[in-house]
Amino acid sequence: MYASVVRLLSLAICIANTRQLSLPTDKSYFAGVVEYPVESGTAKERVTQATAGFLALLESNDTAELDILVFPEYVLNNRDYATFVPDPDKKITPCFSPDYELFLVEISCATRARNIYVVINVVEKELCGKDYGSDALNPCPSSGIRQFNTNIVLDRRGRVISRYRKTHLWRREYYSSAVLRQPDLSTFETDFGVTFGHFICFDMLFYDPAMKLILERNITDIIYPTFWFSELPFLGALQLQEGWAFANNVNLLAADGSQPSGRTSGSGIYAGRSGRQIAAIYQQPTLKLLKARLPKRSLGGAVEPEALPAFQPQLITARHTELATYRDYNLDIFSTQLLPSDFVNVTQQICHGGFCCSFQLERRPIESAVAYATYRYRLGAYFGNETTFILVDRSEQAVCALFACVDDELSSCGRIFPSRFDVANRHYFQRIRIEALFPAARRRLIMPSTLDGSMMPLPVTQFNWTETPLARLLSETQVLLELVQPKNDLLTFGIWANYFSQLPTTHNLDHLQPIVTNARGSAVAVASLSCLGLLLLPLLILLH
């Protein structure tokens with residue numbers, strides 16, 4: 001009798017302590033992303049400390065209700081402690097097949113104990129030689145060991161079920177990391193009814209694999225470990241994450257490293273056109289777990305964007321001055337116009353070649369008797385392929401934007417006032433309307449690009465966005481971006497389009513030298529040919 005009571009009590013305790021996992025029929029799931037700082041010390045000390053930090057998070061009550069948890073790029077291991085990664089098709093569990101670096105074995109065990117899906121980013125090593133190893137652009141090193149920047153996905157049992165090797169490396173990575181000749185297109189299914197795709201950091205700015213996952217695999221939920229270097233005025237970490245998720249209308253789980261003095265911070269969870277569910281960016285190295293529920297799009301799940309509080313003009317607003325950023329040198333070839341420091345109403349069209357942007361702006365003054373530094377503003381337009389992404393890879397962009405400058409020189413745009421300056425909003429923006437006709441292209445993504453002084457994008461309820469017809473179609477698209485609630489401290493408000501340049505970048509490495517191609521894939525070339533056709537049409541009619 002006593003034994004039966006003990007068994008019943010034990011069963012009751014187990015039931016009470018069993019958490020409810022998301023079911024395939026639920027309309028949402030619970031996700032977490034981790035902003036994690038770079039550890040200090042020797043290579044061994046860094047990987048030991050990071051492993052301990054990852055394990056502590058997995059074992060804490062903070063992760064108990066999560067279905068999936070994502071860690072950032074770069075912060076876990078290093079080249080001295082690179083690990084082999086099992087083939088996902090073999091469904092190997094490092095926890096009881098400990099043929100891998102200890103940190104991977106320990107995280108596999110902790111994942112199994114916590115009973116959630118976990119995504120980590122590692123330096124992977126692979127044996128290579130004349131007749132074995134992956135088909136990479138890089139020749140096999142004399143050591144016979146090739147290294148990749150790799151995502152690993154572990155399921156609830158700690159098994160490796162997916163792997164992705166980074167396609168678009170940051171410039172210096174090419175000297176130490178390999179790239180597959182045919183990029184990975186990595187997805188995995190979960191027991192809560194969501195199929196995820198995943199890629200890494202710089203990949204977000206390229207068509208393959210990021211856009212292919214959405215357009216060819218119909219993936220609606222993306223996992224994104226990153227160690228992002230923010231660039232102003234258009235490519236701040238959260239600014240890009242939210243704009244990209246909005247433009248594609250997908251759920252995005254973005255986990256960033258935290259090294260603000262090195263330009264890296266900014267993690268978030270986004271629900272497509274419903275905007276961010278939670279996001280944060282920091283001025284000091286920070287370890288932070290961000291959690292949110294996301295809708296399952298296959299079941300019609302949705303979230304309503306939060307209503308904004310009533311607007312109040314503010315002379316002084318929060319500024320992030322300790323987060324270092326790059327400056328976008330593409331601005332120097334934009335068509336721009338400096339606005340008067342005291343402008344109140346502006347209606348203006350700015351053209352770059354045949355691409356034109358229409359602007360309407362209204363501001364209201366904020367009175368103050370104290371002398372403060374204030375930002376100047378420029379209107380800018382650009383369409384072409386003489387640009388780069390953060391000076392690393394060729395790009396083809398179309399941009400219509402209002403952006404802040406420290407003074408009246410174009411070279412000061414994309415910079416912010418340092419902390420020693422007292423900065424104020426002498427005006428607030430009452431209304432902004434930006435409109436342009438974006439040229440047709442086979443490959444194109446058009447997104448809102450907004451940013452305030454705290455390096456946060458504007459909430460989606462603060463602007464209207466209209467595409468006519470939908471921007472994914474192979475046709476010219478009229479895009480309208482309009483500020484619908486006043487804003488105190490804008491750094492950027494604009495429309496930013498990526499035309500996914502196919503012009504190659506070799507990074508000065510012989511093994512990446514391309515076969516010579518023509519520019520038929522360029523939207524600039526397509527637009528030029530269209531204009532030529534219009535010019536020749538009357539002549540053809542006469543000859544006929």
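The values are calculated or read from the model by the stated rules, or taken from the named source; none is laboratory data. What you see is a predicted model, and the numbers here were worked out from it, not measured in a lab. Cβ placement follows ideal geometry from the backbone for every residue including glycine, while neighbour counts extend to all protein chains displayed. With ligands, DNA and RNA removed, areas are computed over all heavy atoms of the protein, side chains included. Shrake-Rupley method; radii C 1.70, N 1.55, O 1.52, S 1.80 Å.
Summary table below
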{"item": "Diffusion constant of region 248-309 at 4 °C, which comes from Stokes-Einstein with the Kirkwood Cα-pair radius and 1.567 mPa s, µm²/s", "result": "101 µm²/s"}
{"item": "Whole-Å distance, taken between Cα centres, linking region 97-171 and region 325-385", "result": "46 Å"}
{"item": "Length released on extending from E467 to D87, taking residue separation times 0.36 nm less the Cα-Cα span", "result": "132.6 nm"}
{"item": "Region 384-487 - Rg over Rh from alpha carbon coordinates, Kirkwood radius", "result": "1.00"}
{"item": "Charge-dipole axis of region 326-498 as Lys and Arg at +1 and Asp and Glu at -1 on Cβ define it, positive-most pick from F429, M455, N345", "result": "M455"}
{"item": "Full-stretch length increase - S298, E482 - with 0.36 nm per residue and alpha-carbon distance subtracted", "result": "63.2 nm"}
{"item": "Inter-part distance where region 472-501 and region 233-248 are each reduced to a Cα centre, Å", "result": "11 Å"}
{"item": "Accessible solvent surface per residue of the chain, calculated while the other protein chains remain in place, 1.4 angstrom probe, Å²", "result": "44 Å²"}
{"item": "Unsatisfied cross-links (Cα-Cα over 31 Å) in the set K125/K288; K44/K166; K166/K288; K44/K91; K125/K296; K27/K487", "result": "K125/K296; K27/K487"}
{"item": "Whole-percent carbon and sulfur share, accessible surface of region 260-341, 1.4 Å", "result": "49 percent"}
{"item": "Under 5 Å, built H, 5+ apart or other chain: amide partners of Q259", "result": "T264, S265"}
{"item": "Cβ-Cβ FRET estimate between L308 and I278, R0 fixed at 22 Å, reported to 0.05", "result": "0.85"}
{"item": "Spin-label model distance (nm) - Q349 vs R171, 7 Å beyond Cα toward Cβ", "result": "3.9 nm"}
{"item": "Gain upon complete extension [L503, K212; 0.36 nm per residue less C-alpha separation]", "result": "102.9 nm"}
{"item": "Pairwise label distance in nanometres, D408 with H511, each label 7 Å out on the Cα-Cβ vector", "result": "5.4 nm"}
{"item": "K291-S40 FRET efficiency (beta carbon distance; Förster radius 41 Å; 0.05 resolution)", "result": "0.90"}
{"item": "Assigned charges on the beta-carbon of Lys, Arg, Asp, Glu; region 313-406 dipole about Cα centre (debye)", "result": "200 debye"}
{"item": "HN-Hα J in Hz across region 358-363 - Karplus 6.51, -1.76, 1.60, θ = phi - 60°, x for Gly and Pro", "result": "9, 10, 9, 9, 9, 10"}
